[in-house]
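The values are calculated or read from the model by the stated rules, or taken from the named source; none is laboratory data. Here the structure is a predicted model, which means the values were calculated and not measured. Glycine gets a Cβ as well: all are built from the backbone with ideal geometry, and neighbour counts include every protein chain shown. Note: areas computed on protein heavy atoms with side chains; ligands, DNA, RNA excluded. Shrake-Rupley method; radii C 1.70, N 1.55, O 1.52, S 1.80 Å.
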Amino acid sequence: MALPSGGGSTARLLTVPALLLLLSCAALLVFLLLPSPSSSSSGANLCACSDPVTTHTTTSVTTITTTAAPAPIATSPDDVAWLKAQLASNSLLASGDDVHELRKGINPRTREVQLFDLNRHHGISHYPEEEASNHTALPCPGELLVEEHHSNYGEPWAGGRDVFEFLANASALTPRDQVLEIGCGTLRVGLHFIRFLDAGRFHCLEQDELSLMAALRYELPSQGLLYKRPLIVRGGDMDFSKFGDTVMYDLIYASAAFIHIPDDLVWIGLGRLAGKLKPQTGRIFVSHNIKFCSRKGGDVCTRMLTELGLEYVGKRTHDSLLFNHYEIWFEFWRPKV
């Protein structure tokens, strides 16, 4: 279709397909220039915020803490069976009757000879300087180095482990408990308690100077137990004041100590300790005999114990793991708060 133009100009023809194409291009241009609804919303949100938005990703980490089971106190039947199997597999003697015929190491010497050589030569290899400058942090007397004090008890040193196992099981002891030994000697028993208990949880009252030297100058350092910081006090008058006014004990024991102490002093000690024993759960154990009690008569002893807030529980025995021996113990407790 031709449209006339004014003013005599040349007429231009615009066909229908061309017109449709032109309109389509215009619509496409308008569509591209207009923002989409989502973009408009996003833009509005961004404009409404003065600071940029920072997204943090949090990663949760689950930590699993595994607590090792506490070491067993006593030797179990399975332990004994295992050891017997080891002895059998290595063709070792079933009994000790012929041990004296076996070869005794590369340089066998008695303790007496060992002490003589130690005092004369100071050791196979040694510094020539005086003790003050010879690199030895804790010089120890030769008598202690050859462990002569291990023979001061009338029975094998190994019996100390038997006492520990019995008392720890009988009192249901845990490492955090507080223990007092009256007369710990050279720590034949105490070493095992110190090793088992948390640091600072073992107390001891001992009067013998040689025993204290053996305990402090040899046993604790040689066993690597100095870090356990046991509180060992020298004294023979049942004075427990150096252990503190607030301490409460889960276990108090005297292994063959009361038989060497006058009865009256034993009762003084019990009077001072009764209030420091934890009610109901705490225990006092005395070995061998309780003549300090029986010599006064049963009724009088019971009355005196009651006045102190203590009560006699009964008699127990325990066997030894390594030699033919049993020991008698007498148990007391504090039934009321």
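Here are a few things to note about the model shown:
- Considering Thr317, Thr302, Thr281, the condition of being among the polar types (S, T, N, Q), in a helix (DSSP H, G or I) and either over 24 Å from Asp239 (Cβ atoms) or modelled with pLDDT of 95 or more (or both) is satisfied by Thr302 alone.
- Any chance Met238 is open to solvent by 20 Å² or more (accessible area, probe 1.4 Å) and of a type in the set (A, V, I, L, M): no
- Test result for Arg161, of a type in the set (Lys, Arg), open to solvent by 20 Å² or more (accessible area, probe 1.4 Å), in contact with a Pro (Cβ under 8 Å, 6 or more places away or on another chain) and touching a residue at least 40 places away in the same chain (Cβ under 8 Å): no
- Residues that are open to solvent by less than 20 Å² (accessible area, probe 1.4 Å), over 15 Å from Phe330 (Cα atoms) and not in a loop (DSSP other than H, G, I, E, B) within region 165-180 comprise Val179, Leu180, listed in sequence order.
- Among the residues making up region 320-337, those that are outside any strand (DSSP E or B) and in contact (Cβ under 8 Å) with a residue 60 or more places away in the chain are Ser320, Leu321, Leu322, Phe323, His325, Arg334.
- Exactly one residue among Arg201, Arg195 is crowded, with 20+ Cβ neighbours inside 10 Å and of a type in the set (D, E, K, R), and that residue is Arg201.
- Per-region count, region 271-291, residues open to solvent by 10 Å² or more (accessible area, probe 1.4 Å) and more than 26 Å from the chain's Cα centre (by Cα): 7
- Scan region 227-275 for residues that are modelled with pLDDT under 95, within 21 Å of His192 (Cα to Cα) and not hydrophobic (A, V, I, L, M, F, W, C) and the total you get is 1.
- Of the numbered criteria (1) surrounded by 14 or more Cβ atoms within 10 Å (Cβ to Cβ); (2) modelled with pLDDT of 75 or more; (3) not aliphatic (A, V, I, L, M), the one Pro139 fails is (1).
- Number of positions in region 141-164 that are out of contact with any Leu (no Cβ under 8 Å at 6 or more places or on another chain) and charged (D, E, K, R): 2
- Selection status of Leu310, more than 16 Å from Leu167 (Cα to Cα) and in contact with a Phe, Trp or Tyr (Cβ under 9 Å, 6 or more places away or on another chain): yes
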